[in-house]
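S.K.: Take a look at the following structure, please.
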Amino acid sequence: GRVPVLLDDEFGELARGLNTAMLGLQEREDLKDSLAIAAEIQQGLLPKHAPVIPYYKLEGFQQTCYSVGGDYFDYIELEDGRVWLMVADVSGKGYPAALTMANLQAMLRGLAAVDWPIEVAANYLNETLCDSMAAGRFVTLFMGKLQPETHSLVWMNAGHVPPLLANAEGIRPLEASSPPLGLMKGITYEVVRTELEPGDTLLAYTDGVTETSSRLGKEMFGEAR
């Protein structure tokens, strides 16, 4: 409640100060409620369950360091059994990154529904994000199409942290061959086909993993670990 201001003296000044503080506290509580709702909505955009594919196992996990953020992963199963796999990282943090992430998710699900070739889908995403995002903002994206019948992965990497493919020969990074989305129009995206063997493991992640620091904040987790 508000404190009544009865006199224009020290007690009146104190009452006005208390009223201002109460208003600020109420605004902070309202903001916390809004952030909680935004975080709940963003979690709802992520996949609830991984597709069940014979001889394959998919797992996904996300945890933001703030209430909302710009990291995104998804798997979208097509009618013929193929699966789109995506990991993305929107530059920046907070609400702006979360809004861009939601827009990206909507576009990717629409593109998967019409089953565009990956390079065509990437070109559409880049052109659209160049028109809609503020200058200096961008999105890194690893996007693959898992083809269980042929045991292969068709993929492209637009400026994203290289996923790691572990097989009998060792660990190989799937390097980026093009810049992030949303920086420049007219980019050509290179698509690579990788054959998969029994026991192969693919780890796709964002730099939120490698840049995680110790409790004292002096040492980052790093790529070697």
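S.K.: Every residue in segment 129-170 that is of a type in the set (S, T, N, Q), outside any loop (DSSP other than H, G, I, E, B) and modelled with pLDDT of 90 or more, please.
M.R.: Step one: filter segment 129-170 for residues of a type in the set (S, T, N, Q), giving 132, 140, 147, 150, 152, 157, 167.
Cutting the leftovers down to outside any loop (DSSP other than H, G, I, E, B) gives us 132, 140, 147, 152, 157, 167.
Hits for segment 129-170 are THR140, GLN147, SER152, ASN157, ASN167.
S.K.: Right, next: Specify the residue that is least open to solvent (accessible area, probe 1.4 Å); the eligible residues are those in segment 87-140 that are under 22 Å from VAL192 (Cα atoms) and of a type in the set (D, E, K, R).
M.R.: ASP89
S.K.: Right, here's the next one. Which residues, taken from segment 197-225, are charged (D, E, K, R) and exposed (fewer than 11 other Cβ atoms within 10 Å of the Cβ)?
M.R.: Result: GLU197, ARG215, LYS218, GLU219, ARG225.
S.K.: Please work out if GLN147 is open to solvent by 10 Å² or more (accessible area, probe 1.4 Å), in contact with a helix residue (DSSP H, G or I) (Cβ under 6 Å, 6 or more places away or on another chain) and on the phi < 0 side of the Ramachandran plot.
M.R.: Here the answer is no, as GLN147 does not meet what is asked.
S.K.: When only residues in segment 167-196 that are open to solvent by less than 50 Å² (accessible area, probe 1.4 Å), among the small types (Gly, Ala, Ser) and within 23 Å of the chain's Cα centre (by Cα) count, which is nearest to ASP71 (Cα to Cα)?
M.R.: GLY182
S.K.: Is it the case that VAL161 is over 24 Å from ASP115 (Cα atoms) and surrounded by 13 or more Cβ atoms within 10 Å (Cβ to Cβ)?
M.R.: When the stated conditions are applied, VAL161 passes them.
S.K.: Show the residue pairs meeting these rules: Cβ distance below 9 Å; 6+ apart or different chains; first residue within segment 72-97 and farther than 19 Å from PRO47 by Cα; second residue modelled with pLDDT of 90 or more.
M.R.: These pairs meet every condition: ASP80/GLU149; SER91/PHE138; SER91/VAL139; SER91/THR140; SER91/PRO180; SER91/GLY182.
S.K.: Looking at segment 150-158, is at least one residue closer than 16 Å to PRO180 by Cα and open to solvent by 50 Å² or more (accessible area, probe 1.4 Å)? If you could, list the steps in order and put the result at the bottom.
M.R.: First, the residues of segment 150-158 that are closer than 16 Å to PRO180 by Cα: 155-158.
Adding the requirement that they be open to solvent by 50 Å² or more (accessible area, probe 1.4 Å) leaves none.
No; the residues of segment 150-158 include none that is closer than 16 Å to PRO180 by Cα and open to solvent by 50 Å² or more (accessible area, probe 1.4 Å).
The values are calculated or read from the model by the stated rules, or taken from the named source; none is laboratory data. Keep in mind the model is a prediction, meaning the values are calculated, not measured. A quick note on method: Cβ atoms are made from the backbone with ideal geometry, for glycine too, and the neighbour counts reach across all protein chains shown. Please note that ligands, DNA and RNA were not included when accessible areas were found on the heavy atoms of the full protein model with its side chains. Shrake-Rupley method; radii C 1.70, N 1.55, O 1.52, S 1.80 Å.
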